[in-house]
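Here's the structure, in structure tokens; my notes come after.
The values are calculated or read from the model by the stated rules, or taken from the named source; none is laboratory data. Just so it is clear, the model here is predicted, and its values are computed rather than measured. Cβ atoms come from the backbone with ideal geometry, glycine included; neighbour counts cover every protein chain shown. Just the protein is used for accessible areas: all its heavy atoms, side chains included, with ligands, DNA and RNA removed. Shrake-Rupley method; radii C 1.70, N 1.55, O 1.52, S 1.80 Å.
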Amino acid sequence: MKILTLIRQVPDAEARVKLSGNVVDLGGTTVVMDGMDEYGVEAALRLREAGAEAEIIAVAVGPQRNEDALRTALAMGVDRAVHIETEERLDAVALSKVIAGLARSEGAELILLGGQEADWDSQALGAATAERLGWAQLTWTNELHLNGTALTGRHDVDDGNESFETHLPAVVTTQQGLNEPRYPTLPNIMKAKKKELRKDDLATYGAAPSLNYVSAEIQVRARLNRVIDGKDPQAAAAQLIDLLRNEAKVIR
Amino acid sequence: MILVVAEHTGGKLAKASLEMVSAARSSGREGPITLLVLGHGVAGVAAEAAAVADQVLVADLSELATYDAELWAAATAQIARAGEAHTVITPGSRSGREYAPRVAVKLDAPYLEDAISLSAHGDALRAQRYTYLSRVTETVEASGPVVVVSAKPGAFAPAAPLGAPGEQYDIDLDLPERRVTITGRSVEKSSRVALSEADIIVTGGRGVGNAENFARLIEPLADNLGAGVGATRAVVDAGWRPYAEQVGQTGKTVQPGAYIALGVSGAVQHLSGMGKSKYIVAINKDAEAPIFKVADYGIVGDVSEIVPALIEASRR
Ligand SMILES: Cc1cc2nc3c(=O)[nH]c(=O)nc-3n(C[C@H](O)[C@H](O)[C@H](O)COP(=O)(O)OP(=O)(O)OC[C@H]3O[C@@H](n4cnc5c(N)ncnc54)[C@H](O)[C@@H]3O)c2cc1C
């Protein structure tokens with residue numbers, strides 16, 4: 001069986017996001033593998049360690065820098081990687097066409113990816129890909145087991161969580177709580193350098209962006225920054241309650 | 001027509017449905033606003049829906065007794081096609097954002113996700129949405145015969161009722177088999193106001209110390225203020241509070257009138273879920289904690305000293 005694990009390269013959460021003109025400019029920004037996708041890479045490795053006979057393939061669609069994230073995945077233990085290199089910004093509906101095409105040509109039966117992208121804040125790729133392939137989907141998974149083709153686990157829903165049962169093929173989105181992703185060890189980093197990282201051509205998938213990006217802005221809300229010294233707790237508390245009641249008028 | 005897929009729980013129309021109707025009205029797109037009610041035993045929901053929509057389509061079917069992404073997507077796409085909808089709006093809830101992309105693929109339509117505003121630009125529909133963990137606001141445009149949108153919860157004001165209720169029509173659907181079986185379900189109930197509905201939220205972070213302190217400090221303060229209770233991921237991971245209370249990138253996104261963060265450092269992933277609150281209040285013993293940068297009011301001090309004084313001062 002083949003498992004695809006999708007990864008993207010996003011700004012480090014602590015990095016400052018800046019604009020140039022009216023688009024986000026990542027030049028000079030530290031980029032890392034999206035933490036949400038990392039849970040997916042780890043999940044694939046653990047399914048195999050738990051007995052699933054699987055070849056695990058890391059996939060990234062995006063600029064050249066995505067290679068670093070793919071190398072990290074290889075060093076974590078993924079078998080090989082496919083990089084569809086492009087500077088074009090593909091929305092989830094368009095990107096799902098690429099991923100579905102690759103899943104078909106590889107004959108994959110399980111696709112793992114993060115529940116929400118840390119750059120475009122999108123949750124749509126998993127569902128769109130599942131629809132194109134006609135597969136089941138499970139989102140926000142925090143427990144996952146594979147027994148033959150039976151997939152079981154737990155996931156979060158609107159008002160709590162559910163235990164589920166389904167069968168491969170499926171698309172599963174991952175999140176915090178599913179596992180603790182491993183750190184690549186030095187020997188594995190060395191080994192990863194010899195693993196296959198295949199470049200693939202976006203043009204073969206016939207995917208065109210379905211959205212037009214008009215502009216981006218960083219709206220920083222001006223905050224009052226009124227900080228009270230708490231040395232005298234009673235006085236500080238009374239002052240704060242007074243401000244909230246009579247100045248901000250947010251409490252009664 | 002504009003097709004809006006109603007959200008409902010416990011036999012009641014959710015606030016999100018009124019927000020979506022308001023999104024539809026603000027979109028500048030023409031045609032009747034049609035609310036689609038999917039479920040079983042939803043007559044009450046349909047009647048509530050009729051108060052705000054031009055028409056209501058009700059699929060009251062036993063197969064739809066519980067939510068399933070594939071069924072919801074199939075139903076929505078069928079009705080969108082049959083009614084030649086040019087705009088389909090789903091909730092921006094977890095489930096809404098799970099089936100909306102499937103609807104978009106089925107209809108070969110572009111998808112505007114988690115929109116905070118909508119406007120017509122010629123034939124195109126424009127949306128604003130947050131990106132980069134809510135730090136950037138982007139404007140995105142979609143065109144074509146049909147566009148799918150999910151509306152961010154809390155971003156649109158709930159729609160006011162129409163003078164005369166809309167007509168209700170029962171519909172039948174051709175639905176696929178379920179592929180996912182739900183074998184267990186646990187609903188995290190809180191006795192307090194739901195985070196999505198709360199005007200005030202009191203959130204505790206790791207600085208609160210332990211679960212007992214949460215009960216001793218955070219809960220009474222929340223009760224005095226009539227507030228909802230929130231938590232950081234650090235607190236949820238430590239098992240002090242349920243995941244339902246987590247605010248942030250992987251938890252809930254909230255936008256209350258006042259967000260009171262106690263012993264919370266203000267990590268980007270947390271700010272992503274509450275940074276748009278009207279007023280932010282922080283109490284932290286570290287004057288350099290990042291949360292103070294986004295705070296309107298703050299106290300530098302120990303929560304175990306300040307919060308009891310706040311509980312006292314907020315008692316009326
Ligand atoms: C992929 C990913 C997703 C994430 N999603 C989320 C999310 O959804 N929500 C979320 O919250 N986090 C999320 N995080 C985690 C986030 O990065 C932070 O680790 C977390 O928010 C920290 O929680 P905290 O502020 O409670 O704890 P800490 O960062 O440990 O801060 C505790 C604060 O309390 C103060 N303090 C300590 N003792 C006292 C005292 N006695 N009195 C007053 N102040 C005191 C300290 O000065 C400190 O500022 C995510 C991380 C990743 C990688």
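Please determine whether any residue of segment B:228-238 is open to solvent by 40 Å² or more (accessible area, probe 1.4 Å) and more than 13 Å from the ligand (Cβ to nearest atom). Steps first, answer last, please.
Kept after step one, since they are open to solvent by 40 Å² or more (accessible area, probe 1.4 Å), are these residues of segment B:228-238: B:233, B:237-238.
With the extra rule that they be more than 13 Å from the ligand (Cβ to nearest atom), the set shrinks to none.
No - not one qualifying residue is present in segment B:228-238.
Number of residues in segment B:54-74 that are within 29 Å of B:Ala194 (Cβ to Cβ) and touching a Phe, Trp or Tyr at 6+ places or on another chain (Cβ under 9 Å): the value is 11.
For segment B:67-84, the count of residues that are within 13 Å of chain A (Cβ to nearest Cβ), surrounded by fewer than 19 Cβ atoms within 10 Å (Cβ to Cβ) and at pLDDT 95 or above is nonzero. The selection criterion, being surrounded by fewer than 23 Cβ atoms within 10 Å (Cβ to Cβ) and modelled with pLDDT of 95 or more, does not hold for B:Ser17. Every condition in (1) open to solvent by less than 30 Å² (accessible area, probe 1.4 Å); (2) out of contact with any helix residue (DSSP H, G or I) (no Cβ under 9 Å at 6 or more places or on another chain); (3) more than 8 Å from the ligand (Cβ to nearest atom) holds for B:Lys276 except the one numbered (1). Selection of segment A:38-50 for residues being among the charged types (D, E, K, R) and open to solvent by 10 Å² or more (accessible area, probe 1.4 Å) yields A:Glu38, A:Arg46, A:Arg48, A:Glu49.
Considering segment B:287-309, the residues that are free of Cβ contacts under 8 Å to residues at least 12 places away in the same chain and within 9 Å of the ligand (Cβ to nearest atom) include one that is least open to solvent (accessible area, probe 1.4 Å), namely B:Glu305. The lone criterion from (1) under 16 Å from B:Phe156 (Cα atoms); (2) within 19 Å of the chain's Cα centre (by Cα) left unmet by B:Gly28 is number (2).
Of the helices (runs of 4 or more DSSP H) lying entirely inside segment B:231-316, the ones with 1 or more residues being more than 10 Å from chain A (Cβ to nearest Cβ) are found at B:233-237, B:268-274. Of the helices (runs of 4 or more DSSP H) lying entirely inside segment A:2-112, those carrying at least 1 residues that are β-branched (Val, Ile, Thr) and more than 18 Å from A:Gln175 (Cβ to Cβ) are A:66-76, A:92-106.
Let's see how each residue does on (1) under 23 Å from B:Gly10 (Cβ atoms); (2) surrounded by fewer than 23 Cβ atoms within 10 Å (Cβ to Cβ); (3) at pLDDT below 95:
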position: B:Ser22; (1), (2), (3): yes, yes, no
position: B:Arg25; (1), (2), (3): no, yes, no
position: B:Glu30; (1), (2), (3): no, yes, yes
position: B:Leu36; (1), (2), (3): yes, no, no
position: B:Ala43; (1), (2), (3): yes, yes, no
position: B:Ala46; (1), (2), (3): yes, no, no
position: B:Ala49; (1), (2), (3): yes, no, no
position: B:Leu57; (1), (2), (3): yes, no, no
position: B:Leu61; (1), (2), (3): yes, yes, no
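Residues are listed down the side, and each one gets a yes or a no for (1) under 17 Å from B:Tyr99 (Cα atoms); (2) more than 9 Å from every other protein chain (Cβ to nearest Cβ):
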| site | (1), (2) |
| --- | --- |
| A:Ala124 | yes, no |
| A:Leu133 | yes, yes |
| A:Asn142 | no, no |
| A:Arg154 | no, no |
| A:Pro187 | no, yes |
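Note on segment A:19-47: residues that are free of Cβ contacts under 8 Å to residues at least 40 places away in the same chain, out of contact with any Gly (no Cβ under 8 Å at 6 or more places or on another chain) and more than 16 Å from the ligand (Cβ to nearest atom) total 6. Just so you know, in segment A:154-204 the residues that are outside any strand (DSSP E or B) and of a type in the set (Val, Ile, Thr) include one that is farthest from the ligand (Cβ to nearest atom), and it is A:Thr204.
Within segment B:255-269, the residues that satisfy the criterion of being open to solvent by 10 Å² or more (accessible area, probe 1.4 Å) and either away from the ligand (no atom under 14 Å from the Cβ) or touching a strand residue (DSSP E or B) at 6+ places or on another chain (Cβ under 7 Å) (or both) are B:Gln255, B:Gly257, B:Gly263.
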